[in-house]
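Just so it is clear, none of the values below were taken in a lab; they were calculated from the coordinates. Bear in mind that the values here come from a model prediction, so they are computed numbers and not experimental data. Cβ placement follows ideal geometry from the backbone for every residue including glycine, while neighbour counts extend to all protein chains displayed.
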Amino acid sequence: MSRPHSYIKLGPKQRSEIESFMSQVISQEPSDYTARRRAQAVWYSAQGKSVQEICKRYGCAEWTVWSWFAAYRRHGVKGLLSRPVSKRLSQLQRDKLRYMKHLGKKHWTYARLVEWVMQNWGIKISPRRLQQILAHPVRD
């Protein structure tokens, strides 16, 4: 189902901000490419292009473009950046954490383990979730 035709309206400050953002996000990183594409969609809308035209240009669904617009309206250009992809602990990582918690030489609290996981593996997890994961028995 199509929404009523709507454009993003940009004032001079917003226009300058989106132009600056598009020129800064030119690197080869895939997430930067995606952010640039989202910014261009906002820019094209401000130029009077319809959501359908923007979808055709980028080969995406209307709901995708609407979600980009919503993110921009809520958070400005920062809303156009890609969010980090959540990572999960592998079985090997879980086993290592069980060892560290129960058999390691240091006394590890769940809060300290959470910090260690973030620093060493770049995985964000809450102490409560880590406690749930480590409560399961070790697989043989």
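Does LEU81 meet the test of being within 15 Å of MET22 (Cβ to Cβ) and of a type outside the set (S, T, N, Q)? Even if it seems obvious, please write down each step before you answer.
On the way: within 15 Å of MET22 (Cβ to Cβ): yes; of a type outside the set (S, T, N, Q): yes.
So LEU81 fits the description; yes.
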Quiz item: Hey, any hits in the stretch 117-135 for a residue that's touching a residue at least 40 places away in the same chain (Cβ under 8 Å), in contact with a His (Cβ under 9 Å, 6 or more places away or on another chain) and in a loop (DSSP other than H, G, I, E, B)?
Solution: no
Practice problem: Pairs only if they're at least six apart or on different chains, beta carbon under 8 angstrom, first in the stretch 69-81 and of a type in the set (Lys, Arg), second surrounded by 17 or more Cβ atoms within 10 Å (Cβ to Cβ) and not in a helix (DSSP H, G or I); list them, first residue then second. | Solution: ARG73/ILE8
Quiz item: Any residue at all in the stretch 107-126 that is closer than 30 Å to GLU19 by Cα and exposed (fewer than 11 other Cβ atoms within 10 Å of the Cβ)?
Solution: no
